[in-house]
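A quick write-up on the structure given underneath.
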Amino acid sequence: MNTERRTPRIAVIGAGPGGLTCARILQRYGIDVTVHDHETGPEARNQGGTLDLHEDNGQIALREAGLLDDFFRLARPEGQEMRQLDHAAGTIGFHHIPEQGERFKPEIDRGQLRDLLLNSLRPHTVRWGQTLRSVDGPSQGPRLLRFADGTSIEADLVIGADGAWSKVRRAVSDATPQYTGISFLEAWFHDVEHRHPEIAGLVGQGSAAAADGERGLFAQRSSGDHIRVYVIQRVPADWIAEAGLDGEDTGGIREVLLDRYRDWSPRLRRMLSDNDGLYVDRPLYALPVPHTWEHDPTVTLLGDAAHLMPPLGVGVNLAMLDACELALAIARHETVDDAVRAYEKTMVPRSTEMQRALDGHADDLLSSEPHDPHDA
């Protein structure tokens with residue numbers, strides 16, 4: 001590794017898996033970087049459910065980050081189990097049981113992955129509580145980043161790893177995510193082996209799905225004896241408000257769901273009625289296909305900021321692969337401009353191919369065939 005070269009100022013916006021992976025690999029090559037995130041700290045909110053990191057993308061990034069062995073110590077290979085359930089009978093149809101030693105896409109809690117990456121960074125790399133307001137300045141740089149807390153910094157390269165509603169994206173693209181017509185409603189179940197043993201038995205050690213073409217359920221087991229269920233529906237984005245409800249009206253939402261799923265197995269309907277706490281509304285959006293932009297030597301994007309797609313099991317893996325390739329390009333090229341060009345030359349065609357493959361396939365989430373919405 002070249003640890004002696006003088007490098008430009010690099011700012012990553014977004015402390016998710018993609019942004020943190022990029023920062024980690026840059027630091028391994030002796031390249032200074034700061035990460036800026038709108039959250040007040042690493043414990044500001046629950047980081048979500050479980051992720052499956054694939055051998056041919058997410059794990060490649062962790063290997064370059066020097067964290068693959070640590071990942072395997074945390075990961076749950078048994079989480080690769082997948083069940084497809086009959087929506088009317090509640091019985092198992094398709095059933096994948098991972099073989100002993102199978103490591104193609106083991107599961108890890110999103111929070112565990114984030115902590116693994118955070119703890120690998122130099123102290124004070126991440127600047128919490130910094131909500132980006134704008135990216136100003138000429139495309140030839142330097143760029144001026146203005147934050148909501150009144151602070152600002154200059155950067156020679158701004159990396160947008162700030163997700164679906166990226167503020168960095170606005171500096172290079174007018175594209176905005178569009179509603180796919182499919183919405184998730186998230187429900188949590190805690191202490192499942194004791195409090196929800198029937199649901200625990202249905203889900204097994206990994207994931208379980210059921211669908212009838214218009215409605216679906218997807219359940220994931222997390223560590224710590226938790227299960228997260230996504231209620232999947234083809235509905236307007238504001239369907240809760242259209243029903244005269246708000247997001248905190250758990251009883252009202254539950255009544256609507258039980259009516260909509262009235263023909264489903266009583267065993268599966270318990271995933272609608274027995275959850276612990278509020279439902280969380282998550283309508284699904286995607287960027288136009290293809291999403292491209294004119295090259296800018298001072299700004300680039302990765303992950304959902306660059307290629308938001310339906311959650312069919314590729315989002316986090318692609319974000320981490322993007323981050324890996326961008327960091328390596330910066331380490332291996334003489335100028336940031338050359339590095340960004342080289343990165344985008346690979347990333348944009350790859351993501352466009354994947355976007356086209358998944359475009360219009362949000363409906364697959366409602367198919368009775370096995371599917372894998374792990375990036376919700």
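The values are calculated or read from the model by the stated rules, or taken from the named source; none is laboratory data. Worth saying up front: this structure is predicted, and the values here are computed from it rather than measured. Positions of Cβ are backbone-derived with ideal geometry, glycine not excepted, and every protein chain shown enters the neighbour counts. These accessible areas exclude ligands, DNA and RNA; they are computed on the full protein's heavy atoms, side chains included. Shrake-Rupley method; radii C 1.70, N 1.55, O 1.52, S 1.80 Å.
Is it the case that some residue within the range 45-61 is more than 30 Å from LEU366 (Cβ to Cβ) and either more than 20 Å from the chain's Cα centre (by Cα) or open to solvent by less than 70 Å² (accessible area, probe 1.4 Å) (or both)?
Within the range 45-61 (the criterion being more than 30 Å from LEU366 (Cβ to Cβ) and either more than 20 Å from the chain's Cα centre (by Cα) or open to solvent by less than 70 Å² (accessible area, probe 1.4 Å) (or both)), the answer is yes, since at least one residue qualifies.
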Open to solvent by less than 30 Å² (accessible area, probe 1.4 Å) and in a helix (DSSP H, G or I) - does that describe any residue in the range 210-223? no
Positions within the range 106-128 being closer than 30 Å to SER265 by Cβ and either open to solvent by 80 Å² or more (accessible area, probe 1.4 Å) or free of Cβ contacts under 8 Å to residues at least 60 places away in the same chain (or both), in sequence order: PRO106
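Select from the range 199-209 the residues that are more than 19 Å from ALA75 (Cα to Cα) and in a strand (DSSP E or B) and list them in ascending order. Walk me through it before giving the result.
The initial filter retains those residues of the range 199-209 that are more than 19 Å from ALA75 (Cα to Cα), namely 199-202, 209.
Of everything in the range 199-209, just one residue is more than 19 Å from ALA75 (Cα to Cα) and in a strand (DSSP E or B), namely ALA209.
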If we keep just the residues of the range 256-272 that are among the charged types (D, E, K, R) and over 12 Å from ILE232 (Cα atoms), which is least open to solvent (accessible area, probe 1.4 Å)? ARG269
Positions within the range 151-171 being open to solvent by 30 Å² or more (accessible area, probe 1.4 Å) and of a type outside the set (Lys, Arg), in sequence order: THR151, SER152, ILE153, GLU154, ASP156, ASP162, TRP165, ALA171
Have a look at ILE153, ILE159, ILE97 and point out the one that is β-branched (Val, Ile, Thr) and under 23 Å from ALA210 (Cα atoms). ILE97
Out of all the residues in the range 219-237, is one or more of a type in the set (Lys, Arg) and either within 29 Å of ARG76 (Cα to Cα) or without any contact (Cβ under 8 Å) to a residue 24 or more places away in the chain (or both)? yes
Looking at (1) assigned to a loop (DSSP other than H, G, I, E, B); (2) out of contact with any helix residue (DSSP H, G or I) (no Cβ under 7 Å at 6 or more places or on another chain); (3) without any contact (Cβ under 8 Å) to a residue 12 or more places away in the chain; (4) not small (Gly, Ala, Ser), find the lone condition where ASP259 falls short. (1)
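Yes/no per residue for (1) over 23 Å from ARG282 (Cα atoms); (2) open to solvent by 40 Å² or more (accessible area, probe 1.4 Å); (3) at pLDDT 95 or above; (4) more than 24 Å from the chain's Cα centre (by Cα):
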| position | (1), (2), (3), (4) |
| --- | --- |
| PHE189 | no, no, yes, no |
| PRO197 | yes, yes, yes, yes |
| ALA200 | yes, no, yes, yes |
| GLN205 | yes, yes, no, no |
Just wondering, is there one or more residues in the range 129-150 that are of a type in the set (S, T, N, Q), modelled with pLDDT of 95 or more and open to solvent by 50 Å² or more (accessible area, probe 1.4 Å)? no
